[in-house]
Amino acid sequence: MPVVDVDPDELRRLTGAAEKTDEELQTDLFNLGLEYEGETDSGEMQLEFAPDRLDRLSVEGVARSLRYQYGDDRGVYVPKTNDPDWVYEVDPDVPDERPYVTGAVVRGVNLTEQALDSLIQLQEKLHATMGRQRAKGAIGIHDLTMLKGKVLAEDATGNSITYTGIEPDGDRFVPLDSDAALTPGEVLTEHDTGKKFADLVSEYDRYPAIYDELGLFSFPPVINGRRTEVSTDSRDLLIELTGTDQWTIDHMCNILCYALDARGGTIEEVEIHYPDATGPYADVGAELVRPNFETDEKAVSHAEIERMLGIELTADEVVDHFERSGLDATYTLGEQTVYTVEVPPYRVDVLHPYDLIDDVGRAYGFNNLEPAYPDVGTVGGRHERTRLEDAARASLIGLGFEDLLNFHMISVEDNYDRMRIEPGTDDFGAGEPAVITEPYSEDYTQLRSWVLPSLLMVLENNTHRAYPQDIAEIGLAARVDETENTNVAEHRSIAAVLARNDASYEDAKARLQALCADFDVEFATPAIDHPTFIPGRAAAIVVDGEHVGVLGEIHPAVLVEHDLELPVAAFELRLDALAA
Amino acid sequence: MRLPESQLAVMEAASATDPTSVDSLAEETGLKPETVTRAAFDLRDEGLVSIDETTATSAELTAEGETYLTEGLPEVRLYRAAIEAGAANEPVEMGQLLGTAGLKGSAVNIALSNFARKGYGSIDAGAVSADPDADPDTDSERTALAAIADGESVDDTGLLEQLERRELLERSERTVRSVTLTDDGVTALMEGIEAAETVDRLTPELLTSGEWEDVEFTEYNVEADAPELDGGRKHILRQTADRVKDVLVGMGFKEMEGPHADADFWINDCLFMPQDHPARTHWDRFALDVDPIGSVPEDLAERVEDAHRNGVSEDGDGYHSPWSREFAEAIALRGHTTSLSMRYLSGYAGADIEPPKRYFSVEKVYRNDTLDPTHLLEFFQIEGWVMAEDLSVRDLMGTFEEFYAQFGITDLEFKPHYNPYTEPSFELFGTHPTTGELVEIGNSGMFRAEVLEPLGIEVDVMAWGLALERLLMLMYGFEDIRDVHGTLCDLQLLRETEVLY
């Protein structure tokens, strides 16, 4: 979940709540859904929250939410915008994979140290969340005074920049944190930031590039040029966002603009000129004006609000809660009172009218609701499979086995090699492995195809503990099976081992007999060869003609492999064999 | 009649007329006094003897008393020296006498203070006069000391108290039991009593023959340590799961069951998780290298895709994220057991889903997260949902209060939260039963219309999930979950952990 670092003094200042203590702020924030996680070395509060209200990824957004919560602000706020002076021309050469651009110009912003830090944090957090690590949307913020726009036409005022695509070994520019002029291709191999984000564009035929009159100044989504770097001296900013979805980058842009508006900046629109209104631009149109601060409207019925929250409210109370959530609502009283709710352009989480009921609940205070046990009668019960598993476990425990619980994930070595069997052979337990595509570590690369390997590993890790070690486990085992809908056959398996100085085949079989007798299951134990067991001391467990398990004394080579210095007798059989 | 050997010996040593003390009986029979006592009580219970109890005062010489008994009392030694020096006639200078009597140190004062008291003479201005009529050979204190040393009793209480004051003897009280044969006892003896044998083990033969009534069992050291024994026991995480299941079944929940390896469709798409959600990327998910799922219900898949792209209801919006059937059909290990809830709610699991319904599962889920003391790659998720008409968030809160109260977790707080599949959503916080801290204990909410409508559910469904391991750590106070779960577990810890119920 996102964490935003917020300076409590800055928060008090932007909220206008000078009298609030840190503790009071933390309680108020908890009720908004932001949890205090601790503080940074420099004393900033670390606030964790779920990734719905991404407009709260900076101190400006958190302060705005608090002001609504306190009732200091009400209803929808939309910053004033000035008419466009800049045009973002999109060249037909732009990479197919990243066709969209948006942005804004912000003038007269007061970039204090804190304001700049907050802006950088907001940019990073938006990249991490909505931007999907820059793949879906990436932000570039530039010092406008360092840009020289192309003059549009002799009879027009205004400037333009151009979003296009270039060859990896195309024009050079000096990227941030570098002194050398590099081509985009060189950035990906030589520059630290370039290496980090190389995967995003390495498959592209042409690399995204933004030019002004002076040349290449931004290589989205990888890095900006040093020429337009923003500092505390910057007053006028040009923001550009590129991405794979217009709606996403437009809303990232809106969140940025609202934060800069809170820092005293004036938002100035820009024009986006796509080559045409076909292909990726068919839905958005050829010419756009951005940022788009148009509000959205949704209808919510009074009855739904009361039903969901389980309380009665007057229409005025509902409107009050909407306004304290930064929304506007109008309604006509009637048998079916319905609110028309206006949603501001920084909200990215409102998909359904229910999302607005949640806002009413937050403004009301969910913790102010009285819990009620639902008056609904149902009959409870256990699933047959787990009842069988529990009954088998009780039998094993009665026979003196300690019940164990191991991971379902295992390595190829542990599951097969160290047990002296090979994947996909007919030996019991040697089923085709269900392999994990990108494992966490080499210890957990597949699902175990049988349970005995886990028990031998427990013995291996507990040689310093008292013997006898009679242990058992009933758990999942799985293998690839193309006759299954999921292509994976899963079953529960019972495995039991006796590790003791005098452990013998007979000891294991005696316990197996007792277990099967509990479930009135008759079985045969024809001799088999199984590499895990001592030749001549291994048997198949056969129930109703089916080979459902294996029984025997573990082969010395397997014992030595597991650092064991005493004999081990063992058996494993499918749990469902007991239900036969 | 047959009696155990020790009882027979006591009977034979005891008299019908004179009470015999236990000590005397012990001496006579060669048994330990405690054995005699136990035998006597058993015989009394049989009506063969009677037992009298008296409180006896016994006296014993102190070390100083023993010394005076052999060397003579200091005042007597002074008197004998004085007579010898002629002090019977005229006073003799004291210093000279002390030397002759061999008195020094504390013995000097003792001699001087008792000399006059006992009438051996007088001391005046450093000179000693002796009374010629005094008789040291009949000194009553000396006589009493000698009697006590010989084990005889001394009846003169005043004298005993005097010796005790002089710290020459110590007195103590104890119960003295004396045994007398009853008439029945005498009769039994006259009729003849055989000695019963002593045995080590109670054998089937002893029991069936009835001989057990006449035998005596050898004594064990019942306080000695017994060998350590490790019986089988249910794994503590299973025990915790069982408690959870008990509670949920008691609250009217039925158990769900389903595949661990499943299509993303059931794990995520039905849950309205956008396909580019960070939790669905490769670093959170364990994809399996197998072919895609054979089939998903076609009409359901279309409705789910439509919900992702366009939302549901007139005013609803979809995600601005890509959606592909191919991704939905890929197989992965489930990241939550909500996949089971989807299979059940869709009717695809085969269970009846006419409302109202309550369902749960306590099963494993898999997350490609960092492995550390509190996070495992696979853990148990408690999943539960209630489907009924007109459920409100208050019903959700009430259900959780009841559930968590069973585990001592009270004062629930509901932090507004966001999940792609529920709205409103809450993180649940509760007060730790022992530390009193506010700790996160679960995640919950009302399933969104974008989840329910494609499934064809027209009533409300509230749901929640929490990690069983989290509950276990709260209940047992474990610090590293790996000691318990997995092949690195410590058998000793599992054997020694207290059973909670």
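Of interest is the spacing of the C-alpha centroids, which for the range B:203-246 and the range A:388-443 amounts to 35 Å.
Relative to the current alpha-carbon distance between A:Asp9 and A:Glu48, full extension at 0.36 nm per residue lengthens the span by 12.2 nm.
Among the chymotrypsin sites (Phe, Trp or Tyr not before Pro) in the range B:16-94, none is located in a DSSP loop while being surrounded by at most 11 other Cβ atoms within 10 Å of its own Cβ. Per residue of peptide B:487-498, the mean number of Cβ atoms on other chains within 10 Å of the residue Cβ is 5. Note on the range A:384-579: with charges restricted to the Cβ of Lys and Arg (+1) and Asp and Glu (-1), its dipole about the Cα centre is near 440 debye.
Go ahead and run the numbers for FRET between B:Asp372 and A:Glu37, Cβ-Cβ distance against an R0 of 22 Å, rounding to 0.05. Rounded to the nearest 0.05, the efficiency is 0.85. Compute for the range A:279-400: radius of gyration divided by Kirkwood radius, i.e. Rg/Rh, restricted to C-alpha atoms, rounded to two decimals. Rounded to two decimals, Rg over Rh is 1.30. Of the two radii for the range B:74-138, the radius of gyration is 0.91 times the Kirkwood radius, both from the alpha carbons; that is the Rg over Rh value. Pair-distance distribution of the range A:296-368: all C-alpha pairs, bin width 5 Å, starting at 0; shares per bin in whole percent are 3, 17, 33, 28, 13, 5, 0. Spin-label model, B:Thr434/A:Asp85: points 7 Å from Cα along the beta carbon direction are separated by 6.7 nm. Across the range A:384-579, the mean sequence separation of Cα contacts (distance under 8 Å, 6 or more residues apart), normalised by length, yields a relative contact order of 21 percent. Applying 1/(1 + (r/R0)^6) with r as the Cβ-Cβ distance of B:Ile51 and B:Thr157 and R0 = 30 angstrom yields a FRET efficiency of 0.60. Take each residue in B:379-391, count the other chain C-beta atoms within 10 Å of its C-beta, and the mean is 2.
Please state the charge dipole magnitude for the range B:360-412, taken about the Cα centre, from unit charges on C-beta atoms (+1 on K and R, -1 on D and E), reported in debye and rounded to the nearest 20. Value, rounded to 20: 160 debye. The orientation-averaged projection of the convex hull spanning the C-alpha atoms of the range A:191-245 amounts to 5.2 square nanometres. Helix A:384-398 axis versus longest C-alpha principal axis of chain A: approximately 50°, rounded to the nearest ten. The charge dipole of the range A:296-368, taken about its Cα centre with unit charges on the Cβ of Lys, Arg, Asp and Glu (plus for the first two, minus for the last two), comes to roughly 160 debye. Rounded to the nearest 500 deg cm²/dmol, what is the calculated helix-only ellipticity per residue at 222 nm for chain A, with -39500 (n - 2.57) per DSSP H run of length n ≥ 4? Computed ellipticity for chain A at 222 nm equals -8000 deg cm²/dmol.
Residues of the range B:217-232 with an amide N closer than 11 Å to a point placed 7 Å from the Cα of B:Lys32 along the Cα-to-Cβ direction: B:219-222.
If R0 is taken as 30 Å, the Cβ-Cβ distance between A:Phe519 and B:Leu229 corresponds to a FRET efficiency of 0.65.
For chain B, relative contact order (Cα pairs under 8 Å, six or more residues apart, normalised by length) works out to 13 percent. For the range A:310-350, the set of GluC sites (Glu not before Pro) satisfying both a DSSP loop assignment and a count of at most 10 other C-beta atoms within 10 Å is given as A:Glu312, A:Glu335. Shape descriptor for chain B: Rg over Rh equals 1.44 (Cα atoms; Rh from the Kirkwood inverse mean 1/r). Placing a label point 7 Å from the Cα of A:His547 along the Cα-to-Cβ line, the residues of the range A:503-528 whose backbone N sits under 13 Å from it are A:526-528.
Note on the protein assembly as shown: dipole from Cβ charges, positive end direction compared against A:Val350, A:Asn501, A:Leu573; the farthest Cα belongs to A:Val350.
Counted residue by residue at 0.36 nm each, then reduced by the alpha carbon distance between them, the extension gain from A:Asp233 to A:Ala153 reaches 25.7 nm.
Derived scalar couplings between HN and Hα for the range A:8-24 equal x, 5, 4, 5, 4, 5, 5, 7, x, 10, 4, 7, 6, 7, 4, 5, 4 Hz in order, rounded to whole Hz, by the Karplus curve 6.51 cos²θ - 1.76 cosθ + 1.60 (θ = phi - 60°), x for Gly and Pro. Shape annotation for chain A: C-alpha extents along the principal axes are 99, 66, 49 Å, from largest to smallest. Distance from the Cα centre of the range B:1-40 to that of the range A:254-313, in angstrom? That distance is 107 Å. Each label was represented as a point 7 Å from its Cα along the Cα-to-Cβ direction; for B:Asp299 and B:Arg495 these points are 6.0 nm apart.
All C-alpha pair distances within the range A:384-579, sorted into 5 Å bins from zero, spread as 1, 8, 17, 22, 22, 17, 10, 3, 1, 0 percent across the bins. Once each of the trypsin sites (Lys or Arg not before Pro) sitting in a DSSP loop with at most 13 other beta-carbon atoms within 10 Å is removed, chain B keeps B:202-501 as its longest stretch.
Peptide B:362-374 has a mean shielding of 2, counted as Cβ atoms of other protein chains within 10 Å of each residue's Cβ.
State the percent of C-alpha pairs, over all pairs in the range B:81-210, separated by a distance greater than 26 angstrom. Result: 55 percent of Cα pairs exceed 26 Å.
Cα centroids of the range B:354-426 and the range A:471-536: 36 Å apart. Each of A:Asn367 and A:Val560 was given a label point 7 Å from its Cα along the Cα-to-Cβ line. The distance between the two points is 6.5 nm.
Any idea what log10 I(q)/I(0) is at q = 0.15 Å⁻¹ for the range A:103-168, Debye with uniform C-alpha scatterers and no solvent? With one equal scatterer per Cα and no solvent, log10 I(q)/I(0) is -0.72. For the protein assembly as shown, a Kirkwood radius taken over Cα pairs fed into Stokes-Einstein (25 °C, viscosity 0.890 mPa s) yields D = 66 µm²/s.
Quote the relative contact order of chain A in percent (integer), defining contacts as alpha-carbon pairs under 8 Å separated by 6+ residues. The value is 12 percent. As a ratio to 2.2 N^0.38 Å, the alpha-carbon radius of gyration for the range A:1-95 is 1.39.
Bear in mind these aren't lab numbers, they're just calculated from the coordinates by the rules spelled out. Bear in mind that the values here come from a model prediction, so they are computed numbers and not experimental data. All Cβ positions, even for glycine, are placed from backbone atoms using ideal geometry, and neighbour counts span all protein chains on display.
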